[in-house]
Amino acid sequence: MPTVHDWINNPLGVVDGFFAQSNSSPDWQKKVVEYFKEKLKQNDAHTWVPSLNDVPMHYLKPNSFVKFRCMVQDMFDPELFVGVYEMNDPTSNSKLLKCGKYKDVTECGVDFNSRNTVTSERQTFYCVPIPGESQWVKESYAGTSQARVLPSTSYTPNRHKRSYEEDDDEMDTQPQLMKNVNQGAPSSADSHSNMEPKRQETEAPNQNASTSRCTSSLDLNFPLPEEKGPACLVKVYEEWDSFKLNEMLEVFGILSVDPTLSMIADEREASSLLDPTEGMETVDEQRVHSPPASLVPRVHMLYAQPLLHNNPLLPPGALEDNRDYLNGVLGELASVRAELLTYLTHVLLGDSLAAEYLILHLVSKVYSRRDVLPLGKFTLNLSGCPHSTPYTDHLCKVIQQLVPSSYRLCMSLHNMNNQHMVPRKDYTANRLVSGTLQLASNTSLFLDETQLEQGQLNTTGVQNITALGNLISWQKVEYDFNYHQMEFPCNINVLIASEGQSLLPSDCQVHLRPTLNPPNLEEYLSAVQVAQIPPQLNKYRIYLSVARALNYSISDEITKAVEEDFVDMRKDDPQSMSAEDLHRLLVVARLLSLSHGQNTLSRDGWMKAKQLEALRISRTQQQKCINGNEP
């Protein structure tokens, strides 16, 4: 079992060692990255790396090896740094070449006039925690961590100062939480606290003063309101063009929280106020790009793993690469599906048909794009939801219990008219201002249309409704760059809860038809949720993620049978089955197959899909008759 090695406590020492042995060969940089990759593969060593998601900043050692589970919210312009510099060695009175990579601040005694100085370029990503990540996901990731962390002694004064915006109660209980997480860690890891260098205490007031000035004015630019957790500036040195905006990453790198960064930022801001021609950046741009390190730490990336999902109950990476795990899960998929169907039927007040379609919705995703058409999306409009009760509150909580990331958007007139959903470019601060619809792939967006009341939509409200419609229909969001709109494809599951048919488009509408009428609806729904113990919920969470990740194909034989069936259905009444109806039927058949753990369509699956659609259409037509809307 690994302990906290020097490569976690002192990664810069490892980097300097490779640099010293390089003899000016550029291969040393690749060797550094490969070294850390190999270390992370050994005996689940990645669980010993402290995470910015779980650990407050004052528990992390500066210049230590850390990880961060995040989404790329913005990409700043490339910046120059001193990759190699020369300095005077006072002991030997000679010149030494030093490595400036993975650092924000160089050492004292640098000879900037040396011909050996090498200037390099790096990219900066502004990264935030994955928007809408469920509480069970955060707790599960934190529970598997074996990182040994102790309160840092770097800033002795005012230790209670928060490193990022958290509840005071959370900070008070954090030491006990970390004590529980650390149980079972090797005693040799205690060397961490002894190895930690201590900064002079005279630096601490500057750090805290900078923090106190900037906390109120600094906007951490989270896409969703009331999000908590650290934002981070990730410095990328290699292949930054391979990363995309809104991509989920797990970043491994070297933590930089040097208080000098805040002092430099203050000096640059003061000089630009005195002399606007002093620098190219505006004051707003300096504040955004050089925030206090105590609030927005820097992480110098050594390695980043794109996350196909953020479900901690599944192995990372593609399931096809872990056949043993996949085969074991597929064996239990049918029984778990039956249990989930029963659970959702109770949540939907006895409506098993609506529960079937809710499962299909939860396992759907955009698996491909044909020209502008996103294939695989399945936006579900669940109409007939009661408005006078907190039913949608409980339904949303059920969704949050099952999926890794979700967000509930109450479509009240106030929210529609005031909430900025579309990200926009702020050219003054040179940053992308986030919006509600800047979400990571496979996020579940719960639109509560029961909250919509009569009133007038203003310009913002109309833009928001248009943006939601484009998201549903085309799975894209047009970001506002002032002079033009830029399309960003997305993969967001949208569930619309409404009283009548939604004013927004959808791929499928199911009208809720309750068969249960409990005397106290809120108590009934609470009891249904409480009855689901964590091990059972974990089965549902694994089931939904696995079913969504399965590959799917249709054989030539079944394709021909479907085509013949389509012709037969149109013989008697050409209006009974349109091309759009056939497309929806094929999507339902695909999702039905995947929900049963089958990666190909069978004849039985096709017949089952036709039966489901016949029941749903029949119910929709009956509801139109009841409402008097039948033409």
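Sorting the segments 94-104, 551-561 by their residues' average number of neighbouring beta-carbon atoms within 10 angstrom, most packed first, yields 94-104, 551-561.
When CYS108, CYS410, CYS232, CYS625 are compared by accessible surface with a 1.4 Å probe, the order from highest to lowest is CYS108, CYS625, CYS410, CYS232. 3J(HN,Hα) along region 553-560, derived from phi through the Karplus expression 6.51 cos²θ - 1.76 cosθ + 1.60 where θ = phi - 60°, amounts to 8, 10, 6, 4, 5, 5, 4, 5 Hz, with x in place of Gly and Pro. Considering region 561-619, its Cα convex hull presents a mean projected area of 4.1 nm². Computed over Cα pairs, the Kirkwood radius of region 590-631 leads via Stokes-Einstein (0.890 mPa s, 25 °C) to a diffusion coefficient of 209 µm² per second. Computed over region 316-373, the Cα gyration tensor eigenvalues convert (square root of 5λ each) into semi-axes of 26, 21, 7 Å, ordered from largest to smallest. Across GLU238, GLU86, the residue with the most accessible area heads the list, and the full order at a 1.4 Å probe is GLU238, GLU86.
Let's test the formula: R0 of 51 Å, r as the Cβ-Cβ distance of MET87 and MET569. What FRET efficiency results, to the nearest 0.05?
0.05
Both radii were evaluated on the Cα set of region 14-57; the Rg over Rh quotient, with Rh as the Kirkwood radius, amounts to 1.13. Straight Cα distances below 28 angstrom link LYS95 to the lysines LYS30, LYS31, LYS103, LYS198, with same-chain residues fewer than 8 positions distant left out.
Reducing region 443-460 and region 467-493 to their Cα centroids gives an inter-centroid distance of 17 Å.
Compared with the alpha-carbon gap, the fully stretched path from HIS387 to LEU516 is longer by 44.7 nm at 0.36 nm per residue.
Pairwise over distinct Cα atoms, reciprocal of the mean inverse distance: report the Kirkwood radius of region 43-150 in Å, one decimal place.
Final number for the Kirkwood radius of region 43-150 is 17.1 Å.
Remark on region 385-454: hydrodynamic radius 13.9 angstrom, per the Kirkwood mean of 1/r across alpha carbon pairs.
Just so you know, the Rg over Rh for region 517-576 is 1.33, from Cα atoms, with Rh as the Kirkwood radius. Close amide H contacts of LYS365 (hydrogens built in the peptide plane, cut-off under 5 Å, sequence separation of 5 or more or a different chain): none are found. Principal semi-axes of the equivalent ellipsoid, √(5λ) from the alpha carbon gyration tensor of region 448-578, are 31, 30, 22 Å from largest down.
Quick check: from the Cα gyration tensor, does region 324-473 come out rounded (a/c under 1.5), prolate or oblate?
oblate
Taking amide H as placed 1.01 Å from N in the peptide plane, the amide H of LEU601 sits under 5 Å from that of SER553, SER555, each at least 5 places away or on another chain. Measuring between their Cα centroids, region 294-310 and region 530-586 lie 37 Å from each other. The relative contact order of region 502-610, computed from alpha carbon pairs under 8 Å that lie at least 6 residues apart in sequence, is 29 percent. Given the pairs LYS138/LYS244; LYS67/LYS138; LYS138/LYS228; LYS244/LYS476, which are separated by over 18 angstrom at their Cα positions? Result: LYS138/LYS244 exceed 18 Å.
Taking 20 Å as the cut-off, the amide N atoms of region 515-534 that come nearer than this to a point 7 Å along the Cα-to-beta-carbon line of GLN622 belong to 515-518.
For LYS624, the lysines whose Cα falls under 22 Å of its own Cα, not counting residues fewer than eight places away in the same chain, are LYS610. Rounded to the nearest Hz, the phi-derived 3J(HN,Hα) couplings of region 391-398 under the Karplus curve 6.51 cos²θ - 1.76 cosθ + 1.60 (θ = phi - 60°) are 5, 5, 4, 5, 5, 5, 4, 5, where x marks glycine and proline. As a calculated quantity, the FRET efficiency between THR282 and ILE533 at R0 = 41 Å, using C-beta atoms, amounts to about 0.15.
The values are calculated or read from the model by the stated rules, or taken from the named source; none is laboratory data. Small disclaimer: the values here were computed from a predicted structure and weren't measured. Virtual Cβ from ideal backbone geometry, glycine too; neighbours counted across all protein chains shown. Just the protein is used for accessible areas: all its heavy atoms, side chains included, with ligands, DNA and RNA removed. Shrake-Rupley method; radii C 1.70, N 1.55, O 1.52, S 1.80 Å.
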